[in-house]
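The values are calculated or read from the model by the stated rules, or taken from the named source; none is laboratory data. Quick caveat: nothing in here was measured; it's all calculated off a predicted structure. Note: ideal-geometry Cβ built from the backbone for every residue, glycine included; neighbour counts use all protein chains shown. Areas reflect the complete protein model, heavy atoms only, side chains present, ligands, DNA and RNA absent. Shrake-Rupley method; radii C 1.70, N 1.55, O 1.52, S 1.80 Å.
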Amino acid sequence: MTGEERPDSADGRRAQLLKGVAELALLSLLGEGPQYGLEILERLRGEAGVELAAGTIYPLLHRLERGKLTRAEWRIEDDGARPRKYYALTDLGREELGSQLVEWRRLAKALNAFLDKRRMK
Amino acid sequence: MTAEGQDPEVGRWLNRLNWALASAVDREDIVEETRGHLAESIAGGLSPRDALASFGAAETYARRFLDDIELSGALGSQRSGAMLSVLARRVHTSLVAAGGFALVVVLAACAFAAALTAIVKIFDPAHAGMWVGRGIFMIGVLSDPSQAHELLGNWIFPAAALVVALAWILGRLVLLWSLRRIARAR
């Protein structure tokens with residue numbers, strides 16, 4: 001492997017890790033209230049360090065909407081900007097968020113304990 | 001919504017997206033949402049090229065929606081043809097799809113062989129059936145019946161119907177299981 005290939009490989013590893021947590025982070029963000037795509041993307045990047053591409057977030061949002069975990073509506077803001085499509089969690093989405101959180105915390109706790117034990121050796 | 005003041009490169013990209021999403025029922029929704037995102041990103045200081053780069057190629061971006069629509073549509077309808085078609089299109093990219101598809105093909109072949117044997121039995125009862133003999137165990141047509149003896153007789157008809165029914169039920173279960181696995185893994 002050359003030095004130039006390393007960033008790609010790190011990006012690939014990050015993308016694989018993000019794939020698993022993106023949905024949880026997104027559901028968690030929507031748990032705060034309705035938000036639109038660009039806002040979701042910027043908050044995920046800024047607050048969670050989840051560097052999703054725009055080309056990833058919208059298919060995910062539409063998938064959640066089709067799965068009835070979110071509902072969406074177009075709104076025109078008071079500032080006369082373009083209409084934006086806002087996504088909000090449904091009751092089913094809140095249930096799913098709760099289940100994913102429990103599963104994530106259980107997994108993170110077990111994995112951290114596993115990794116810490118080996119680091120100390 | 002108008003596209004006034006839209007960058008020509010963005011306009012071309014959106015046209016390609018619109019074309020690539022031709023079969024999607026929510027095409028207009030997706031295109032308008034993407035148009036809004038691009039306009040807002042560019043208004044926020046991003047160059048049109050960088051804004052488009054975050055979506056990738058229009059066709060690849062559209063494919064993500066279409067794959068999802070196709071998969072959820074097939075699972076929602078649970079129609080065998082639709083599920084098989086979706087699974088077949090994923091054979092080269094998914095091990096689950098490849099395994100599931102292979103299993104369905106084997107089940108279909110068993111059902112076809114059983115049904116064909118039953119039909120041939122009607123016209124040629126001396127050569128068609130379930131045969132057992134030295135080194136021979138087969139369901140089908142035996143050219144030299146003296147090599148083995150036939151076990152089922154006319155029971156071949158209900159047996160063939162049972163094989164076809166079981167293959168149908170198992171095949172549907174395999175299709176459902178495979179597509180649900182693929183859907184969960186996205």
Kyte-Doolittle cut-off 1.6, length cut-off 20 Å along the helix's own axis using Cα: show which whole DSSP H helices in chain B pass.
-> B:95-123
Once both labels are modelled 7 Å past Cα along the beta-carbon direction, what's the B:PHE123-A:LYS117 spacing in nm?
-> 6.9 nm
Shielding by partners for B:60-73, please: the mean number of other protein chain Cβ atoms within 10 Å of each residue's Cβ.
-> 3
Roll a 1.4 Å probe over the protein heavy atoms and report the accessible area of B:MET138 in Å², nearest 10.
-> 60 Å²
Placing +1 on each Lys and Arg Cβ and -1 on each Asp and Glu Cβ in region B:5-136, then taking the dipole about the Cα centre, the residue among B:ALA58, B:GLY76, B:PHE101 whose Cα reaches farthest towards the positive end is B:PHE101
Return the average number of partner chain Cβ atoms within 10 angstrom of each residue Cβ along peptide B:86-99.
-> 0
Rg [Å, one decimal], Dmax [Å, integer] - region B:47-95, C-alpha atoms | 14.6, 47
Per residue Cα convex hull volume in Å³ - calculated over the protein assembly as shown | 250 Å³
Quick one: order B:ARG134, A:ARG105 from most to least accessible surface, probe 1.4 Å.
-> B:ARG134, A:ARG105
Provide B:ARG12, A:ARG66 ordered by accessible surface of protein heavy atoms (probe 1.4 Å), highest first.
-> B:ARG12, A:ARG66
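Using Cα-Cα distances under 8 Å and only pairs 6 or more residues apart, what relative contact order does region B:14-115 have, in percent?
It comes to 21 percent, rounded to a whole number.
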For A:TYR36, which sequence-distant residues (separation of 5 or more, or a different chain) have an amide H within less than 5 Å of its own amide H, given hydrogens modelled in the peptide plane?
-> A:TYR87
Please give, to one decimal in nm, the separation of the simple spin-label points placed at B:SER146 and B:ALA183, each 7 Å out from Cα toward the Cβ.
-> 5.9 nm
Accessible area, probe 1.4 Å, largest first, for residues A:LYS85, A:LYS68, A:LYS19 = A:LYS68, A:LYS19, A:LYS85
